[in-house]
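These notes are about the structure you will find just below.
Nothing in this text is a laboratory measurement; each read-out follows from the coordinates by a stated rule. Values in this document were obtained by computation on a predicted structure and should not be read as measured data. Note that we place each Cβ from the backbone using ideal geometry, even for glycine, and neighbour counts take in every protein chain shown.
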Amino acid sequence: MERRDHLAVRFSLLTAMVMIAQQVAGKATRDALFLSQFDVRELPKLMVVSAALSVVGVLLMSRLLALYGPSRLVPRGFAVSAGLFLLEWWLLARAPHAAVVMLYLHMGIVGVLLISGFWSVINERFDPHTAKRTIIRIGAAATLGGILGGLIAERVASYADPRVMLLVLSAMHAICVYGVRGIGSLGPVASAGDGMAPMRWGVTLVARNRYLLRMASLILVSSVIAGLLDYALKAETFLRYTDKPELLGFFATFYAAVGVATFLVQVSLGPLLLNRFGLGGSIFLLPGSVILGGAVAAGVNEFWGFVCLRAIESVFANSLFRSGFEVLYTPLAPDEKRPTKTIIDVGGNRLGDMLGGGLLLLVLFLLPQIQARWVVVLAALVAASSLWLMARLYRGYVSRLAANLRAGAFPLNAASVPDATTRRIFAETTAAAERELLLARIRALEGQSRLTGVAAAAEARPDIIADLHSTQIERIRHALHSAGLDVTMVPHLIPLLAQQEVAEEVRTELRWQAPRIIGQLSDAMLDPDTPLLARSRIPSVLEVVHSVRARDALVLGLTDAEFSVRYSSARALVRLTSRSTELRLSEESVYDLAGRELLLEDGVWRAQTHVTDGGGGMSGNGDGEEALIPSLQHVFTLLSLALDRDALLLAMHGVTSDDPAQRGTALEYLENVLPADLRAKLWDRLDVTEPVPHSQRSPTELLSDLLRLRHDRMA
């Protein structure tokens with residue numbers, strides 16, 4: 001399995017490099033041939049036609065991907081494209097106008113579909129966490145391919161007719177056929193009869209899913225920006241160059257320079273931004289650079305200003321933005337991803353081209369002599385409008401990761417929790433159970449006369465104290481049900497929490513008195529002379545008091561030297577703050593507490609254990625149970641004081657799972673919600689290394705389990 005993974009990565013790097021080299025060289029060839037045969041004002045018309053035809057291609061490929069899977073479909077697509085280049089080479093010598101139009105449509109429709117299909121292959125071949133690192137390497141290989149593509153086109157322009165480039169482009173796509181076949185797939189290749197993908201149009205899924213719709217909208221907006229800047233550059237280039245070899249040489253040099261810059265940005269900033277600043281640092285740079293560069297270029301109004309602006313946009317779009325956008329797919333299940341990825345990547349792109357082309361046609365109709373700089377200003381305005389969309393999409397990404405974790409985890413039940421005491425407290429601390437316990441106590445006291453009860457308590461107090469200190473369980477229970485218990489009996493009750501037989505009855509009595517005895521409970525919990533078992537059960541008494549004093553007492557318990565006290569205090573705080581959100585702790589204080597636990601010596605970390613229930617916090621569910629040591633459970637419980645508790649519960653099981661997809665998704669979620677310094681400490685405890693090892697179970701078993709769990713959860 002490990003050898004196959006290494007080979008898959010190598011084939012991925014090769015295919016990405018050749019594919020993007022072909023795309024860059026093809027764009028240079030297409031632009032040079034088009035401007036040598038047509039006026040630049042014809043460009044928006046062809047943009048609209050190409051985009052309209054692409055919609056049909058997008059829907060068709062989305063349907064085919066859902067039925068057959070990318071690893072089967074994409075190699076055949078590259079083979080068809082190689083044949084089309086040969087046809088265009090033959091036609092260019094006989095009908096140049098028709099050949100140029102055919103080449104433009106070929107590059108605009110088939111080319112982008114195949115690039116999207118390649119990314120689908122990558123996204124399904126590697127688990128989410130590994131994919132994030134692999135995508136960075138593939139992105140670097142792709143940018144290197146862009147450099148090579150530009151150099152190849154420039155050399156051909158210097159020594160041969162541009163028509164020869166069509167043969168070179170055909171050979172490149174033939175290599176891509178071999179490369180995609182070598183990548184393979186994580187599981188068996190899907191077929192129409194496998195039931196792997198739902199028989200639904202992807203466009204319906206995108207339209208009904210807000211997260212997917214925002215992804216498609218972001219691609220659309222970025223395509224409009226690129227189209228406007230591209231037209232501004234070509235309008236200026238059309239005025240500056242007229243000779244066909246000069247045009248090919250300029251565009252080849254331009255795309256080669258963009259490839260070099262893209263490669264340098266991807267290698268130097270890609271890992272830094274994705275790993276340290278997440279998606280925000282990757283996708284927000286694109287509109288920011290266009291806004292800033294647009295203001296400069298519009299003010300300078302020089303040819304090289306437009307060249308630089310178009311280059312900056314291309315560099316960020318093809319490196320940081322592309323890598324960041326691919327990560328947005330990781331929370332999606334295959335039955336969502338397959339029918340929608342092409343629609344989002346290509347459909348959004350082509351609709352953006354159509355919208356951009358239509359906008360240009362309208363502008364040219366209203367202002368036939370408009371200067372390129374005003375087109376650049378329009379692009380900057382569109383970029384500014386995309387900032388709000390990106391912010392909403394990022395928040396949706398984190399939410400989808402949490403939802404994905406919920407959909408792929410085993411549900412908690414009493415039988416699956418590893419320790420019996422936790423199972424009992426998990427059941428008893430529901431709101432209904434708590435209410436019934438207190439109401440029963442009230443009913444027991446309501447039947448007694450207040451005066452009679454006080455008199456009886458005064459007379460019986462010595463006997464009650466004697467019974468509470470007795471070694472006989474029946475005498476203790478008799479005292480617990482007497483009318484003489486009040487706050488003066490608390491010092492005698494607290495030690496009884498250590499006796500398993502009566503601990504529940506004592507806890508019920510103390511909870512009844514809790515609002516008036518917070519100080520006594522806190523002192524006893526922190527007193528080393530109090531039995532440890534009793535100290536560890538006091539937090540479950542304090543949690544019923546919805547007050548700042550009770551919360552602060554539990555926070556003090558989080559700093560106690562005894563792990564059992566900290567363990568139980570954290571769980572009690574989770575339950576308290578879930579009922580009273582105004583008592584929640586600040587994220588900074590929670591992260592500080594978790595960080596202290598993670599900095600314990602390794603021997604202490606592994607040896608820590610709890611001696612009581614504490615209930616309601618993070619617990620094992622049998623999936624990788626041996627790895628769910630109490631120290632790790634405690635850290636995740638602490639984190640749930642600031643973050644989504646359900647998602648963290650599933651993330652805890654995911655990071656200790658043998659399933660690479662579940663582990664990868666869990667790590668991906670934690671990377672996006674934890675601060676970098678705390679995440680680094682947690683990574684040390686989890687022994688996170690690269691690449692994340694794959695499960696020893698077969699891919700078929702993994703996929704079957706994930707689909708079954710997802711469907712069971714949604715049912």
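Table for the structure above
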quantity	calculated
Gain in span if fully extended, TRP304 to GLU582, counting 0.36 nm per residue against the direct Cα distance	94.3 nm
Cα-projected label distance for ALA295 with ALA561, points at 7 Å along beta-carbon direction, nm	6.0 nm
Residue order, fewest to most beta carbons within 10 Å, for ASP529, ASP677, ASP523	ASP529, ASP677, ASP523
Theoretical FRET efficiency, 1/(1+(r/R0)^6), r = Cβ-Cβ of HIS469 and ASP658, R0 60 Å, to 0.05	0.70
ILE629 paired with ALA680, simple spin-label distance in nm, labels 7 Å along Cα-to-beta-carbon	2.2 nm
Estimated FRET transfer efficiency when R0 is 30 angstrom, pair TYR178-MET102 (beta carbons, to 0.05)	0.70
Neighbour-count order for TYR211, TYR397, fewest beta carbons within 10 angstrom listed first	TYR211, TYR397
Computed Kirkwood radius, in angstrom, where 1/r is averaged over Cα pairs of the stretch 74-115	10.4 Å
Fewest-first ranking of THR342, THR559, using other Cβ atoms within 10 Å as the exposure measure	THR559, THR342
Contour minus Cα-Cα distance for SER268 and ASP527 (0.36 nm per residue)	87.8 nm
Per-pair calculated FRET efficiency, R0 = 60 Å: THR204 and LEU600 via Cβ, rounded to 0.05	0.70
Segment VAL487-ALA391, extension gain: residue separation times 0.36 nm, minus the distance between their alpha carbons	29.2 nm
